[in-house]
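Trainee: Have a look at this one before I ask anything.
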Amino acid sequence: MNTRLRTPVAPHSSVTTPTSTAPLWLAVVAAGASGPINAAAFPALDWWPLIFAGTGLMMWSVAGRRIGTAFGLGLLGGFSFWGTHIFWLTIYLGPVPWLALAGLQTVFFAIGAVLLNLAWRWVPAVWPGRWGTLVLLPAVLGAVWSLRESITSTWPYGGFSWGRLAFSQSESPFGSLAAWFGISGLSFLLAWVSAILVQAFRESAARQHGIRIPLRGIVASGSLVLLLALPAWPVVTSGTFRVAAVQGNSDAGLFAHRSPGQTLNDHIAGTVPLFGDRVDAVIWPENAADLNPLTHPDVAQALDYITEQMDAPLVTGTITSDNQGRTFNSLLLWEPGTGPVDQYDKIHPVPFAEYLPDRSFWYPFAPALFDLVPRDYSIGTRDNIFTISGVRAGLAICFDIVDDSLIRHMISDGAQVILAPTNNADFGHSDENVQQLAIARLRGIETGRSVVQVSTVGVSAIMAPDGRTISRLPIFTAGSMVENVPLSTTTTPATVLGANVDPAVGGFALAALVLGWLVSRQQRKVRHHG
């Protein structure tokens, strides 16, 4: 009698997580391609669906790799994105600042890639079933991505918030989700969906090799995409605010060869044709008054003349100083017949551009470059609100618009509209100005507020609370926009969630990684002793 023993066969699991790893050369190609693909999702190309492909490729490339390999793939994917996305830094400044900023962000990106790798490795031990594989593991991957974004958006030296996944969606159907979940929440959802699509792809590939995968796995991907089809948050407007926003087409950058006062004259010239129009406020860009009217009586007289002829207050950018010798990038509110009645000093000056942090340490590394930053703007302490003709206006000077905390502060202080004066002259015809406009548009959607962005050279635009463009000026063209801007005091879910999104998502990512490590470690011990 044949008594040969047979090995028991375990029943099929409803879902088997693929464990095979693609060839390293393919992972290298995927990581290298992920950066330009993601960069193309942002303006000016604005091919927003690519954000799912680029993010997914980066996540997929590190699955199943060794930690050192994942770090290397992260360096490749990080630099391929940042080197492409912020190439506009090289227009006037050359390659050194571009390499420095892209390099720093690349290191953070590579650390994030290692955390993604650990999530792929550990989290399936915690949630091995259908929903764990297709929903919860992707949620952890999305949370890890969002965690890295939230850290680099605030640290070091105030961080660099450019390049967050959400900022690619200003023109997409997903942009309206900023009102529900905020910028950080939208980035998390985009990364989550990208990870689900990666899992659907991996399991489809595994199925071709004989692994049994239910159709419900693919359906789970579609159900989350449908979740993202939430309707736009309804914004109730409460009146209008008629503004005249002037773009002087004034090359007011670091490398402009202009006589002092020329930028001021350009904006005066752009405003004179508007005399006689009935408006509630005139808005000039950052540094439009390139001579400080608080210390130059002739400039003060010019602003008096403008406000009296327009019979409306003027908001203008200028450079101010205090009796302690500190210098500020400021906005002034100039009332007709009264003069300056309020001032905002930029709270988030750009490190290595508007000031050199730890100057004694950094200056020796690139003296010729840092000589372009001869003075250090101080960090402002005034609130970022002006009351103009009875309207509460939130203020964001240039890159202030990317700072989550500053947006929260203006909304909590009762802002009914956002004014975003800026100076894009140092970036020429590059993607920087349209990328900044996209961020401003999303800030309006996020908060349920209209946004008036006015630049020295463009892009200047007025946008409604739903992101719709009310008016826009061509770049490097003198002109003005006179429009009735909708006002709102709407409370969006994003403003209620506020600063809680980042710690909630980041805490979930870290807790899942720690739990995954503990469970995986325990399973290894059981296998070893078994």
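Trainee: Go through (1) aromatic (Phe, Trp, Tyr); (2) assigned to a helix (DSSP H, G or I); (3) out of contact with any Phe, Trp or Tyr (no Cβ under 9 Å at 6 or more places or on another chain) one by one and return the number of the condition Trp98 breaks.
Mentor: Going through (1) aromatic (Phe, Trp, Tyr); (2) assigned to a helix (DSSP H, G or I); (3) out of contact with any Phe, Trp or Tyr (no Cβ under 9 Å at 6 or more places or on another chain) one by one, Trp98 breaks only (3).
Trainee: When you go through Thr316, Thr271 one by one, which is the residue that is within 22 Å of Gly248 (Cβ to Cβ), in the same structural domain as Pro421 (by TED's automatic domain parsing), in a helix (DSSP H, G or I) and of a type outside the set (Asp, Glu)?
Mentor: Step by step, each of Thr316, Thr271 is checked, and only Thr271 is within 22 Å of Gly248 (Cβ to Cβ), in the same structural domain as Pro421 (by TED's automatic domain parsing), in a helix (DSSP H, G or I) and of a type outside the set (Asp, Glu).
Trainee: Test Asp358 against the stated conditions and say whether it is at pLDDT below 95, among the acidic types (Asp, Glu) and surrounded by fewer than 17 Cβ atoms within 10 Å (Cβ to Cβ).
Mentor: Criteria met by Asp358.
Trainee: Could you please find all residues in region 406-455 being in contact with a His (Cβ under 9 Å, 6 or more places away or on another chain) and modelled with pLDDT under 95?
Mentor: Within region 406-455, just Asp431 meets the criteria.
Trainee: Got a sec? Which of Arg375, Arg392 is in contact (Cβ under 8 Å) with a residue 40 or more places away in the chain and over 22 Å from the mean Cα position of the chain (by Cα)?
Mentor: Answer to the check: Arg375.
Trainee: Ok, one more. Residues Thr447, Thr422: which one is more than 13 Å from Cys398 (Cα to Cα) and either among the charged types (D, E, K, R) or under 17 Å from the mean Cα position of the chain (by Cα) (or both)?
Mentor: Step by step, each of Thr447, Thr422 is checked, and only Thr447 is more than 13 Å from Cys398 (Cα to Cα) and either among the charged types (D, E, K, R) or under 17 Å from the mean Cα position of the chain (by Cα) (or both).
Trainee: Taking the options Asp277, Asp304, Asp342, Asp298, name whichever one is part of a strand (DSSP E or B) and either among the basic types (Lys, Arg) or assigned by TED's automatic domain parsing to the domain that holds Asn249 (or both).
Mentor: On inspection, the qualifying residue turns out to be Asp342.
Trainee: Find the residue count for region 413-429, including only residues that are in contact with a Ser or Thr (Cβ under 9 Å, 6 or more places away or on another chain) and either basic (Lys, Arg) or touching a residue at least 40 places away in the same chain (Cβ under 8 Å) (or both).
Mentor: 7
Trainee: Just give me the residues in region 397-436 being in a helix (DSSP H, G or I), small (Gly, Ala, Ser) and surrounded by fewer than 24 Cβ atoms within 10 Å (Cβ to Cβ), in sequence order.
Mentor: Listed by number, the residues that qualify are Ser405, Ser412.
Trainee: Still on this model: Under 21 Å from Leu177 (Cα atoms) and either assigned to a strand (DSSP E or B) or in contact with a Pro (Cβ under 7 Å, 6 or more places away or on another chain) (or both): does that describe Ile439?
Mentor: For Ile439, the condition - under 21 Å from Leu177 (Cα atoms) and either assigned to a strand (DSSP E or B) or in contact with a Pro (Cβ under 7 Å, 6 or more places away or on another chain) (or both) - is not met.
Trainee: Take the residues of region 25-83 that are aromatic (Phe, Trp, Tyr) and not in a helix (DSSP H, G or I): which is surrounded by the fewest Cβ atoms within 10 Å (Cβ to Cβ)?
Mentor: Residue satisfying both the conditions and the ranking: Trp47.
Trainee: Are there strands (runs of 3 or more DSSP E) fully within region 458-521 with at least 2 residues that are among the polar types (S, T, N, Q) and farther than 30 Å from Ala195 by Cβ? List them.
Mentor: Ranges flagged: 469-473, 479-488.
The values are calculated or read from the model by the stated rules, or taken from the named source; none is laboratory data. Only a predicted model underlies this, so the values are computations on that prediction, with no experimental measurement involved. Don't worry about glycine lacking a Cβ; one is built from the backbone with ideal geometry, like all the others, and counts go over all protein chains shown.
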